[in-house]
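S.K.: Mind having a look at this structure? Questions to follow.
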Amino acid sequence: MTTNVSRGTINKTNLMDKVILNQERTLKQYILGGVLLFISAFPLLGGAFIVSIVFILIGLITIGFYLQYEITKDFNNKKHITVFGLKLISLKLDFPFPDYISLFAATFSGSNEYGAISSLGHSSKHYKFTVKFFKGNKHVTVYTSNNYQDAYNEGNFLRDLLDVELYNSIEENNE
């Protein structure tokens with residue numbers, strides 16, 4: 001039996017033997033896909049149907065593309081390259097079994113000094129919540145979300161699955 005939880009999916013066979021983490025799509029991904037779909041109309045008007053179809057397909061693939069991390073209880077992990085839910089490629093993920101899992105808040109900022117959006121402001125900030133595996137002083141980010149509750153839920157599912165400690169640095173910093 002598979003149950004959808006927030007953005008991830010938990011497979012509950014054998015008392016939860018894997019967690020599938022869907023990585024979020026970016027705004028740039030939607031914009032680029034939308035631009036490609038818009039551009040596809042121009043060759044269509046000129047009678048170049050094949051060129052238009054190519055632009056439509058590239059635009060749809062750009063919008064529908066995302067990554068999934070499949071974390072299993074036996075730590076035989078995989079990275080799935082997915083388009084609109086269809087797994088195209090599965091790759092083995094090689095990172096060591098974590099000492100602990102951390103729920104972490106991060107601020108990402110970008111400069112808009114040049115370009116079409118410079119009139120809207122010179123910088124932009126994005127707040128993200130991440131779930132990271134730590135082994136010694138090394139880490140790997142396995143989940144990122146704009147929503148704290150989603151990241152918290154995924155961190156708890158991973159803690160229960162792997163039987164390692166979850167450090168919630170967000171709550172620790174707010175106390």
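S.K.: Label point 7 Å out from residue 107 along Cα-to-Cβ: which residues of the range 135-163 have amide N under 18 Å?
M.R.: Those under the cut-off are 145-148.
S.K.: Could you run the Karplus curve 6.51 cos²θ - 1.76 cosθ + 1.60 with θ = phi - 60° over the range 57-73 and give me ³J(HN,Hα) per residue in whole Hz, x for Gly and Pro?
M.R.: Computed from phi, the couplings for the range 57-73 are 4, 5, x, 5, 5, 4, 6, x, 6, 7, 9, 10, 9, 9, 9, 10, 4 Hz.
S.K.: Summing +1 for each Lys or Arg and -1 for each Asp or Glu, what net charge is found among the other residues whose Cβ lies under 11 Å from the Cβ of residue 62?
M.R.: Around residue 62, the surrounding residues sum to +2.
S.K.: Set the bar at 19 Å for Cα to Cα. Now go through 18/79; 92/128; 28/79; 28/78; 78/132 and name every pair that lies beyond it.
M.R.: Going by Cα-Cα distance, 92/128; 28/79; 28/78 fall outside the 19 Å limit.
None of the figures in this text is laboratory data; all of them are computed from the coordinates on show. Values in this document were obtained by computation on a predicted structure and should not be read as measured data. Heads up, the Cβs are rebuilt from the backbone with ideal geometry, glycines too, and the neighbour counts pull from every protein chain shown.
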